[in-house]
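**Q** Okay, here's the structure, questions in a sec.
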Amino acid sequence: MSSASSLASKLLRREILDLHAYHVPDSAGYIKLDAMENPYSVPPALRGEIAHMVAAAAINRYPDPAAASLKEKIRGVLGLPDGMEVLLGNGSDELIQLLAMALNKPGATLLGVEPSFVMYRMIATFTGMRYLSVPLTEDFSLDLPATLAAIRREQPALIFLAYPNNPTGNLFPADDVLQIIEAAQGLVVVDEAYYAFAADSFIPRLARYPNLLVMRTFSKLGMAGLRLGFLAGSAAWLEQLEKLRLPYNVGVLPQLVAGKLLEHHEVLLRQAEQIKRDRATLYRQLSEIAAVRVYPSEANFLLFRVANATEVFDGLKQRGVLIKNLNNGHPMLHDCLRVTVGTPEENAKFVAALKESIS
Ligand SMILES: *Cc1c(COP(=O)(O)O)cnc(C)c1O
């Protein structure tokens with residue numbers, strides 16, 4: 001009889017054994033500014049409505065597999081061009097996986113830029129898809145000549161661009177992204193996880209490009225706990241991808257609660273506006289600290305660089321503030337930290353703790 005661990009290492013795919021699990025630290029008791037969550041809760045009246053709805057929900061039944069009512073509400077807030085559809089995912093992470101599975105013909109390549117969202121590489125790895133990355137420039141702009149050259153040379157089947165980018169926070173110039181879409185023979189997915197905090201979107205451009213899909217999530221807008229993301233694009237693509245979606249991937253409660261929240265979309269958008277104002281304040285405060293280099297952001301977080309980032313990260317943690325340490329990740333993020341914009345009180349505590357941790 002072999003032990004479970006020797007059996008597991010014999011039977012599991014090499015790629016899985018080599019993979020590092022996506023690490024989520026325990027955040028209990030901290031001011032939590034590590035995961036781009038919306039710090040505001042749902043207003044009390046709306047909470048009451050949701051409580052009643054949840055109490056009456058038929059959780060003994062499978063959810064509506066088509067999530068027709070929720071999809072209608074999403075279409076309602078989106079202003080989707082004619083002929084465009086949506087496909088729902090259990091978070092947008094699930095949709096990245098679905099796209100990789102759908103486009104992974106033998107030898108097919110997934111292309112990303114780096115540093116960017118780590119799930120593109122991770123999902124390429126565990127779906128067995130060839131992964132290729134093009135480095136951003138030193139200030140985290142797209143290296144357009146290098147990206148276009150890689151597209152011509154490698155003919156990737158699938159390209160992901162986060163717009164704005166995570167963890168750098170910047171919004172690539174729309175014209176650069178358009179040149180990538182035009183040069184690509186494969187499918188380009190513009191990942192708009194941070195759309196609520198940014199000044200531009202590719203949704204109005206969907207109808208012009210047959211190889212373009214836009215992916216969004218409601219996680220950063222205040223529904224991270226519900227797990228709901230979607231792809232928007234032409235029916236020709238989504239009908240095919242729909243075949244891969246597991247029938248009940250969005251549960252009864254997320255369908256109901258997200259639907260109710262979308263009826264009050266303006267509440268969430270007001271919270272996003274507040275976060276954008278507080279981002280500007282926090283940006284100014286960080287740029288006034290001589291030892292900090294802060295990068296421009298159109299998302300609900302700020303990337304910044306300090307000497308000895310890991311020590312500063314630990315100092316913040318000792319003072320009860322949890323942010324994200326990007327040091328020891330991608331080499332271009334050496335000494336970089338990422339802070340989510342919280343409430344004004346949380347931001348003030350973070351800034352005070354940061355000053356103490358630096359000196
Ligand atoms: C947070 C994030 C996602 C994943 O969001 P979920 O819907 O919560 O899975 C996708 N893309 C980017 C760029 C993100 O930052």
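**Q** Out of (1) open to solvent by 10 Å² or more (accessible area, probe 1.4 Å); (2) of a type in the set (V, I, T); (3) under 19 Å from F117 (Cβ atoms), the odd one out for V341 is which?
**A** So the condition that V341 fails would be (1).
**Q** In this structure, is N347 open to solvent by 20 Å² or more (accessible area, probe 1.4 Å), touching a helix residue (DSSP H, G or I) at 6+ places or on another chain (Cβ under 6 Å) and not basic (K, R)? Write out each step before concluding.
**A** Details: open to solvent by 20 Å² or more (accessible area, probe 1.4 Å): no; touching a helix residue (DSSP H, G or I) at 6+ places or on another chain (Cβ under 6 Å): yes; not basic (K, R): yes.
Judged against the criteria, N347 is not a match.
**Q** With the requirement that a residue be among the small types (G, A, S) and out of contact with any Leu (no Cβ under 6 Å at 6 or more places or on another chain), what does the stretch 171-199 give you? Steps first, answer last, please.
**A** We begin by selecting, within the stretch 171-199, every residue among the small types (G, A, S); these are 174, 183-184, 186, 193, 196, 198-199.
Result: A174, A184, A193, A199.
**Q** Based on what the data block shows, is R61 open to solvent by 60 Å² or more (accessible area, probe 1.4 Å), of a type in the set (K, R) and closer than 30 Å to P167 by Cα?
**A** Working: open to solvent by 60 Å² or more (accessible area, probe 1.4 Å): yes; of a type in the set (K, R): yes; closer than 30 Å to P167 by Cα: no.
Taking the combined requirement at face value, the residue does not satisfy it.
**Q** How many residues are touching a residue at least 40 places away in the same chain (Cβ under 8 Å), open to solvent by 50 Å² or more (accessible area, probe 1.4 Å) and assigned to a helix (DSSP H, G or I) if we restrict to the stretch 19-46?
**A** 0
**Q** Examine the stretch 91-104 for a residue that is part of a loop (DSSP other than H, G, I, E, B), more than 20 Å from the chain's Cα centre (by Cα) and in contact (Cβ under 8 Å) with a residue 60 or more places away in the chain, and state whether such a residue exists. Spell out the reasoning first.
**A** Start the filter on the stretch 91-104 by keeping residues that are part of a loop (DSSP other than H, G, I, E, B), which leaves 91, 104.
Then keep just the ones that are more than 20 Å from the chain's Cα centre (by Cα); that gives 104.
Filter once more, so that each one left must be in contact (Cβ under 8 Å) with a residue 60 or more places away in the chain: none.
Looking through the stretch 91-104, none of the residues is part of a loop (DSSP other than H, G, I, E, B), more than 20 Å from the chain's Cα centre (by Cα) and in contact (Cβ under 8 Å) with a residue 60 or more places away in the chain.
**Q** Right, D82: among the charged types (D, E, K, R) and in a loop (DSSP other than H, G, I, E, B) or not?
**A** On the way: among the charged types (D, E, K, R): yes; in a loop (DSSP other than H, G, I, E, B): yes.
Answer is yes for this residue.
**Q** Condition first: assigned to a loop (DSSP other than H, G, I, E, B) and either surrounded by fewer than 14 Cβ atoms within 10 Å (Cβ to Cβ) or of a type in the set (G, A, S) (or both). Can you find one or more residues in the stretch 144-154 that meet it? Before the answer, list the steps.
**A** Residues of the stretch 144-154 assigned to a loop (DSSP other than H, G, I, E, B): none.
No, there is no match, as no residue in the stretch 144-154 is assigned to a loop (DSSP other than H, G, I, E, B) and either surrounded by fewer than 14 Cβ atoms within 10 Å (Cβ to Cβ) or of a type in the set (G, A, S) (or both).
**Q** Under 6 Å between Cβ atoms, at least 6 apart or on separate chains: pull out the pairs that start in the stretch 173-191 with a residue that is part of a strand (DSSP E or B) and end on any residue that is not aliphatic (A, V, I, L, M).
**A** Taking only residues 6 or more apart or on different chains, the pairs are L187/N211; V188/N211; V189/F160; V190/Y163; V190/F202; D191/F160.
**Q** Given the criteria at pLDDT below 95, small (G, A, S) and more than 20 Å from M223 (Cα to Cα), does G79 qualify? Show your work before the answer.
**A** Values: at pLDDT below 95: yes; small (G, A, S): yes; more than 20 Å from M223 (Cα to Cα): yes.
So G79 passes the test.
**Q** Another question about this same structure. So which residues in the stretch 226-241 are more than 10 Å from the ligand (Cβ to nearest atom) and either not assigned by TED's automatic domain parsing to the domain that holds S92 or not in a strand (DSSP E or B) (or both)? Step through it out loud before you land on a result.
**A** Taking the stretch 226-241 and keeping what is more than 10 Å from the ligand (Cβ to nearest atom), we get 231-241.
Within the stretch 226-241, A235, A236, W237, L238, E239, Q240, L241 meet the criteria.
The values are calculated or read from the model by the stated rules, or taken from the named source; none is laboratory data. As the structure is a computational prediction, the values presented were derived from the model and not from experiment. Cβ atoms come from the backbone with ideal geometry, glycine included; neighbour counts cover every protein chain shown. Side chains included, ligands, DNA and RNA excluded: accessible areas come from the protein's heavy atoms. Shrake-Rupley method; radii C 1.70, N 1.55, O 1.52, S 1.80 Å.
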